[in-house]
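All remarks here apply to the structure that follows.
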Amino acid sequence: MDAKTTADGRQLYVDRETAERGSKGPFFVAYTTERADSRWGYYCANCGAFDNAMDAMGRLKCNACANIKKPDEWDAAHE
């Protein structure tokens, strides 16, 4: 696990073995503790930001560089 600091000074731990594929680079899972007992969110490997959002369908977008992960499930009825 790599220790990284958020923009507001919080220390989080990035698991480089657990990733989601993004359009510009992977998103790695981030935890609040080094033991990985409390999942916090995602770290964008493209720009190094923790500022990202996920919707109900599993679409993940980095708010800093627009790196995106497509939804886990897709339904044409939502278009």
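How many of the residues in segment 39-56 are assigned to a loop (DSSP other than H, G, I, E, B) and open to solvent by less than 50 Å² (accessible area, probe 1.4 Å)?
In the first step, residues of segment 39-56 are kept if they are assigned to a loop (DSSP other than H, G, I, E, B); the result is 45-51, 55-56.
Narrowing the set further to residues that are open to solvent by less than 50 Å² (accessible area, probe 1.4 Å) leaves 45, 48-50.
Here the count works out to 4.
Of all residues in segment 67-79 being at pLDDT below 95 and aliphatic (A, V, I, L, M), which is least open to solvent (accessible area, probe 1.4 Å)?
Going through segment 67-79, the residues at pLDDT below 95 turn out to be 70-79.
In the following step, the residues that additionally are aliphatic (A, V, I, L, M) were identified as 76-77.
Details: 76: 62, 77: 85 Å².
Top of the filtered list is 76.
So, in segment 19-38, exactly how many residues are crowded, with 16+ Cβ neighbours inside 10 Å and not in a loop (DSSP other than H, G, I, E, B)? Residues flagged as crowded, with 16+ Cβ neighbours inside 10 Å and not in a loop (DSSP other than H, G, I, E, B) within segment 19-38 amount to 6.
The values are calculated or read from the model by the stated rules, or taken from the named source; none is laboratory data. All of these numbers come straight from a predicted model, not from anything done at the bench. Neighbour counts run over all protein chains shown; Cβ positions are idealised from the backbone, glycine included. Surface accessibility is based on the protein's heavy atoms, side chains included, excluding ligands, DNA and RNA. Shrake-Rupley method; radii C 1.70, N 1.55, O 1.52, S 1.80 Å.
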